[in-house]
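Q: Below is the structure I would like to discuss, written out as structure tokens.
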């Protein structure tokens, strides 16, 4: 599995620094190496616990190199993409993870763009394909009663 690049580590540290005012009490993350590394770096800045939850993993899919963006956009628009985890399963596991973790207080979740976009689209919190296309790495958002607010610093 891929590790964060040196620049990815720097960006994750900056993101952690930018989140110090958010009262985050713990971080939930998928076990995927880059997500877990990101969570650990952010947790150092915030001095909070990291909890791994496999349900926050990316959409299960085969590796594709060409036309990846096109395939993601089609998937997020509801087109069934051969070999990809059904969106309904992604939404179900993601919802279960959030239901289990969010009542525990202000938390951060380190997850993956396609899975997060799929979840947000299912809740009409964002247009899934547009949200995915506008993500930066790393990125941070606050979910509020009124919708989504981007928290990420802009480098």
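The values are calculated or read from the model by the stated rules, or taken from the named source; none is laboratory data. Here the structure is a predicted model, which means the values were calculated and not measured. So basically every Cβ, Gly included, is an ideal-geometry build from the backbone, and we count neighbours across all protein chains shown.
Q: From the list 148, 98, pick out the single residue that is surrounded by fewer than 14 Cβ atoms within 10 Å (Cβ to Cβ) and either touching a strand residue (DSSP E or B) at 6+ places or on another chain (Cβ under 7 Å) or on the phi < 0 side of the Ramachandran plot (or both). Write out each step before concluding.
A: Details: 98 fails: surrounded by fewer than 14 Cβ atoms within 10 Å (Cβ to Cβ).
Result of the check over 148, 98: 148.
Q: When residue 20 is evaluated against the numbered criteria (1) free of Cβ contacts under 8 Å to residues at least 60 places away in the same chain; (2) surrounded by 14 or more Cβ atoms within 10 Å (Cβ to Cβ); (3) under 19 Å from residue 143 (Cα atoms), which criterion, by number, is the only one it fails?
A: Evaluating residue 20 over (1) free of Cβ contacts under 8 Å to residues at least 60 places away in the same chain; (2) surrounded by 14 or more Cβ atoms within 10 Å (Cβ to Cβ); (3) under 19 Å from residue 143 (Cα atoms) leaves (2) as the failure.
Q: Right, another one. Which residue out of 26, 61, 14, 93 is surrounded by 11 or more Cβ atoms within 10 Å (Cβ to Cβ) and modelled with pLDDT of 95 or more? Let's see the steps before the verdict.
A: On the way: 26 fails: modelled with pLDDT of 95 or more; 61 fails: modelled with pLDDT of 95 or more; 14 fails: modelled with pLDDT of 95 or more.
The conditions single out 93.
Q: Okay, moving on. Give the residue that is farthest from the chain's Cα centre (by Cα), with candidates limited to residues of segment 35-61 that are under 29 Å from residue 124 (Cβ atoms) and assigned to a loop (DSSP other than H, G, I, E, B).
A: Within segment 35-61, the match that is farthest from the chain's Cα centre (by Cα) is 61.
Q: Also: Of everything in segment 42-52, what is surrounded by fewer than 21 Cβ atoms within 10 Å (Cβ to Cβ) and touching a helix residue (DSSP H, G or I) at 6+ places or on another chain (Cβ under 8 Å)? Give them in sequence order. Give the steps one after another, and end with the answer.
A: Residues of segment 42-52 surrounded by fewer than 21 Cβ atoms within 10 Å (Cβ to Cβ): 43-52.
Result: 43, 44, 45, 46, 49, 50, 51, 52.
Q: Name the residue that is farthest from residue 39 (Cα to Cα), counting only residues in segment 117-138 that are touching a residue at least 60 places away in the same chain (Cβ under 8 Å) and assigned to a loop (DSSP other than H, G, I, E, B). So that I can check it myself, show each step before the final result.
A: At the first step, the residues of segment 117-138 found to be touching a residue at least 60 places away in the same chain (Cβ under 8 Å) are 132-133, 137-138.
Within this subset, residues satisfying the condition of being assigned to a loop (DSSP other than H, G, I, E, B) are 137-138.
On the way: 137: 13, 138: 11 Å.
So, considering only residues that are touching a residue at least 60 places away in the same chain (Cβ under 8 Å) and assigned to a loop (DSSP other than H, G, I, E, B), the one farthest from residue 39 (Cα to Cα) is 137.
Q: Right, next: Filter segment 62-104 for residues that are more than 18 Å from the chain's Cα centre (by Cα) and either touching a residue at least 40 places away in the same chain (Cβ under 8 Å) or within 19 Å of residue 126 (Cβ to Cβ) (or both) and give the result.
A: If the condition is that a residue be more than 18 Å from the chain's Cα centre (by Cα) and either touching a residue at least 40 places away in the same chain (Cβ under 8 Å) or within 19 Å of residue 126 (Cβ to Cβ) (or both), then 74, 77, 78, 79, 104 are the ones that fit.
Q: Now a separate question. Tally the residues that are at pLDDT 90 or above, loosely packed, with under 14 Cβ neighbours inside 10 Å and under 15 Å from residue 91 (Cα atoms), restricting the search to segment 109-145.
A: Selection size over segment 109-145: 0.
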